[in-house]
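Below: one structure, written as structure tokens.
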Amino acid sequence: MEKLTAASQLEKVGTLTKGERVLTIWRMIEDIVAFLPDDCQYFVEENGELQPFDAFEEAEGWINPVPSILEEWIEKKMEEGYKLELEIEKLHYTDLGKTIAGKTLREWYSYFLTYYEEDGGTLMLWVWFDRWEKASAALDISRDDFADYWALLCWERDILTSLFKEALYDIWVYSNEVVYYAARALGKEKVWRYGKFPLKDAVRYIERASSRAVMSPNDIVKLIIEKSQTPPAHNEEWKKWLAKQVFRNIHDAAYYENHKDYEEEEE
């Protein structure tokens, strides 16, 4: 059951349950080739018998296919009284090492973050949006982009993006926490409260603290967020990832802020 060939494996997607009848949905993932519809196939198992399921609609041109045929079959089963339980529902948004369709949450998040980047990888969260709600609503993955995402079931796509938005919220909240911490440490809390505290000062504070402590800026940010009133989940992998994204968010926004101020002075 675990292995079909040496190069591929089955991943449990979820179950449909009605009384004692259980239908298990599986997905085949290639270990080497990227997860695309051509490289995967869905299966349905009942009473130990595994049957392939032709899940994908035919797509035209550049449009990525979705497993709509399987989704419609699942919906009919749910109308018949079956309860759908997905493996992705067991994940917490901080479970970076857990996999969905052969990719870790860390990999999925890295992709989603590219929706907030300019060419060159500059993270523009604080430049493009003034509130987390706006940033969250801006995540709109095009059907012609990211085949891995569209090859998931629609319910999985919804849950996956919800998990990412929780991660995005943490980046937003702790970015503010770190900037406030720097302003307070520099005796500029009042300036911060008026919204006048330059982000470049926060970056300089972090970099100087990093130099003094012989630690990376990301590690300094991690220490700061651990001291906050509502520290992040007790998960070292998560805190390290979060600290990296927070510093990147502040650093890139400070660069833009400084560049913008320079252009205004030139004018």
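Of all the residues in region 131-186, those that are basic (Lys, Arg) and within 16 Å of the chain's Cα centre (by Cα) number 2. Failed condition for Arg184, given (1) in a helix (DSSP H, G or I); (2) in contact (Cβ under 8 Å) with a residue 24 or more places away in the chain, with all others met? Condition not satisfied by Arg184: (2).
If you go through region 199-255 and keep only what is among the aromatic types (Phe, Trp, Tyr), crowded, with 18+ Cβ neighbours inside 10 Å and either touching a Ser or Thr at 6+ places or on another chain (Cβ under 8 Å) or over 21 Å from Tyr93 (Cβ atoms) (or both), you end up with Tyr205, Trp238. Which one is surrounded by the fewest Cβ atoms within 10 Å (Cβ to Cβ), of the residues in region 38-49 that are at pLDDT 90 or above and of a type in the set (A, V, I, L, M, F, W, C)? Here the answer is Phe43.
Taking the numbered list (1) modelled with pLDDT of 95 or more; (2) assigned to a loop (DSSP other than H, G, I, E, B) in turn, Phe35 passes all entries but (1).
Selection within region 91-107: residues that are in contact with a helix residue (DSSP H, G or I) (Cβ under 6 Å, 6 or more places away or on another chain) and among the hydrophobic types (A, V, I, L, M, F, W, C). The member of this set that is surrounded by the fewest Cβ atoms within 10 Å (Cβ to Cβ) is Leu96.
Residue check: is Thr122 of a type in the set (S, T, N, Q) and modelled with pLDDT of 95 or more? Taking the combined requirement at face value, the residue does not satisfy it. Among the residues of region 216-267, those identified as at pLDDT below 85 and of a type in the set (Asp, Glu) are Glu257, Asp261, Glu263, Glu264, Glu265, Glu266, Glu267.
Table: residues versus (1) surrounded by fewer than 20 Cβ atoms within 10 Å (Cβ to Cβ); (2) within 29 Å of Glu72 (Cβ to Cβ); (3) in contact (Cβ under 8 Å) with a residue 60 or more places away in the chain.
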| site | (1), (2), (3) |
| --- | --- |
| Val127 | yes, no, yes |
| Ala138 | yes, no, no |
| Arg143 | yes, yes, yes |
| Tyr174 | no, no, yes |
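Inclusion of Leu168 among residues that are surrounded by 15 or more Cβ atoms within 10 Å (Cβ to Cβ), of a type in the set (A, V, I, L, M, F, W, C) and within 30 Å of Trp73 (Cβ to Cβ) is not warranted. Scanning region 145-165 for residues that are loosely packed, with under 14 Cβ neighbours inside 10 Å and not charged (D, E, K, R) yields a count of 1.
If you check Lys196 against the conditions, is it surrounded by fewer than 18 Cβ atoms within 10 Å (Cβ to Cβ), free of Cβ contacts under 8 Å to residues at least 40 places away in the same chain, basic (Lys, Arg) and under 25 Å from Gly121 (Cα atoms)? So Lys196 does not fit the description; no. Restricting attention to region 125-162 and to residues that are in a loop (DSSP other than H, G, I, E, B) and among the small types (Gly, Ala, Ser), the residue that is modelled with the lowest pLDDT turns out to be Ser142. Looking at region 61-90, which of the residues that are touching a helix residue (DSSP H, G or I) at 6+ places or on another chain (Cβ under 8 Å) and of a type in the set (A, V, I, L, M, F, W, C) is farthest from Val13 (Cα to Cα)? Among those that are touching a helix residue (DSSP H, G or I) at 6+ places or on another chain (Cβ under 8 Å) and of a type in the set (A, V, I, L, M, F, W, C), it is Val66. Considering (1) over 30 Å from Glu87 (Cα atoms); (2) in contact with a helix residue (DSSP H, G or I) (Cβ under 6 Å, 6 or more places away or on another chain), the lone condition that Trp172 does not fulfil carries the number (1). I'd like to verify a number: residues in region 50-67 that are crowded, with 17+ Cβ neighbours inside 10 Å and out of contact with any Leu (no Cβ under 7 Å at 6 or more places or on another chain), how many? Adding up the residues that qualify gives 4.
The values are calculated or read from the model by the stated rules, or taken from the named source; none is laboratory data. All values derive from a computational prediction rather than experimental measurement. With ideal geometry, Cβ positions are generated from the backbone for all residues, glycine too; neighbour counts draw on all protein chains shown.
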